[in-house]
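Here's the structure, in structure tokens; my notes come after.
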Amino acid sequence: MEWFKALKDTDPEILDYIKAELERQRTGLEMIPSENFTSLAVMQAMGSVLTNKYSEGYPGKRYYGGNQVIDQLETAVAERAKRLFGVPYANVQPYSGSPANLAVYFATCEVGDVIMGLALTDGGHLTHGSNGSVTSRAWKSVPYHVDKDGRIDFDELRRLVDENRPKLIWVGFTAYPREFPFEEFGKIADESGAYLAADISHISGLVVGGVHKSPVDFVHIVTTTTHKTLRGPRGAVIMVTAKGLQKDPDLGRKIDKTIIPGMQGGPHNHTTAGIGVALLEASRPEFKAYAAQIVRNAKALGEALKKNGIKLVTGGTDTHLLLMDLTPIGVGLGVFASEALDEAGISVNKNTIPGDLSPFYPSGIRLGTPALTTRGMKEAEMEKIGEFIADVLKEIRNCELPKDKEARQAYIKQFKSDIKNNRNLARIRAQVAEFSGRFPLYPELELP
Ligand code: DSN
């Protein structure tokens, strides 16, 4: 059966969007470090009859009948997660990373307790207590920061922990280019009696691939999304470590209860299946080679960017992710850089760098290598991509962010319109399309 034929017959408009997105992914360079290209096997599991079934509850304890198969599926996938990460407990039902993290709060804290995470502007995540997130309304959030070199400021962290006695500390970041220091956080949490939760969403593929230290010996709880370096579908897993069960033998049950009936309804069984496929793929030797190549590529890209005069926060990377510091070109230029790169077919995101005040007008660009590495690119390609990026950034050399809010909006609008007619960007765009075309994406996938 031709899989997309039914979609073509029923809803050609939606099929056209899918085809256009496939074309965009094929002809561009996907460098958002939290994105990846999942396998066709994962996508097939997602596009299956498993989407039809309600299964609120847990294996053997469902609110609905007809769950004989789903029970086996969920149990098998949770077992895969436990084996791969080396933990005694896993819940594979969270809809994605934010609900997974919320469940951790409700399982470990009372509303109003003190919690700590890295400040959003320094590379933390919204759900780790940032201002815009409900996690800073329901709990008393005391953020910690990085120092002037962009590394976790442990002096400040120890002082804040002593002063505030948090109930829960998050270790895990979304824009931190260096190894996550799980061991040091473990000592601080042990001394203070706090729960320590590692959010390894960005690096879980590197952890199971053996190129980043695992948090499992140092923390009580681990959360991860499944679609970043792990290369699965959009979803999440919550795990409790042996250390976590030692602190609270009931922790797994508390997390289960928080997910359902506490926060969610029926699990997305098609996603659970996709997660299972991704976990199997991640347990294979090829995945270890993939994870190692992601890091080698990120380091090579860092060197290429520096060779082309681009400054990096912390001077480089230990992981899959780099943070470009655009302040030598101008303060607050992240928006111009990301728009210009987009126009050239290079997808990245504007990001705050340490010292930035506004997440809306940041001075950095976050980028990474997981998706490019899935396409088969290696160090030589990173060298070329470093040149593409440097060439694009030349096009924002004369930009200056106006101080006045209204003038700023008008200036950005004009910039976005001007770059559509920028011949240099159009030339780079054509080169990028030719270059990425040498690394076919989903060659087997032919849409009608
Ligand atoms: N949006 C994710 C990221 O890009 O890092 C985090 O939730």
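The values are calculated or read from the model by the stated rules, or taken from the named source; none is laboratory data. Note that the structure is a prediction, hence the values are computed from the model and not measured. Backbone-built Cβ (ideal geometry, glycine too); neighbour counts: all protein chains shown. Heavy atoms of the whole protein, side chains included, go into the accessibility calculation; ligands, DNA and RNA do not. Shrake-Rupley method; radii C 1.70, N 1.55, O 1.52, S 1.80 Å.
Structure values in brief
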item	result
1.4 Å probe accessible area per residue over the chain, in Å²	44
Cα-based reach from Lys420 at 18 Å (exclusive), listing aspartates and glutamates while leaving out same-chain residues under 8 positions away	Glu339, Asp342, Glu343, Asp391, Glu395
Most mobile listed residue (Arg80, Arg438, Arg429) in the chain, GNM with C-alpha springs under 10 Å	Arg438
Long-range lysine pairs (8 or more apart or interchain), region 1-115, Cα under 27 Å	7
Listed residues Leu323, Leu40, Leu102, most fluctuating in the chain (Gaussian network, C-alpha, under 10 Å)	Leu40
Over region 214-352, relative contact order from alpha-carbon pairs under 8 Å, at least 6 apart, %	14
Qualifying chymotrypsin sites (Phe, Trp or Tyr not before Pro) for region 58-131 [loop in DSSP, other Cβ within 10 Å: at most 14]	Tyr63, Tyr64
Farthest positive-ward along the chain dipole, Cα basis, beta-carbon charges - from Leu206, Leu401, Thr127	Leu206
Rounded, prolate or oblate (a/c below 1.5 giving rounded, otherwise prolate when a/b exceeds b/c) for region 145-214 by Cα gyration tensor	oblate
Among Thr314, Gly276, Val348 - extreme Cα towards positive end, dipole of region 249-375, charges at beta-carbon	Gly276
Choice from Ala194, Ala289, Ala20 showing the highest fluctuation, given a GNM over the chain with Cα pairs closer than 10 Å	Ala20
Equivalent-ellipsoid semi-axes of region 344-448, from the Cα gyration tensor, Å, largest first	30, 17, 14
Residue-span extension gain [Leu22 to Ala289] - 0.36 nm each, minus C-alpha spacing	93.5 nm
Gyration tensor verdict on region 113-157 (Cα atoms; rounded if a/c is under 1.5, prolate if a/b is larger than b/c, oblate otherwise)	oblate
Charged-residue dipole, Cβ positions (Lys, Arg, Asp, Glu), the chain about Cα centre, Debye nearest 20	140
Beta bridges by DSSP in region 124-256, antiparallel share as percent, to the nearest 5	45
The chain: calculated mean residue ellipticity at 222 nm from DSSP helix runs of at least 4, using -39500 (n - 2.57)	-13500 deg cm²/dmol
Shape category assigned to the chain from the gyration tensor of Cα positions, a/c cut at 1.5	oblate
Restricting region 1-92 to GluC sites (Glu not before Pro) in coil, as DSSP defines it, with at most 13 other Cβ within 10 Å	Glu2
Of all DSSP beta bridges in the chain, antiparallel share, percent nearest 5	60
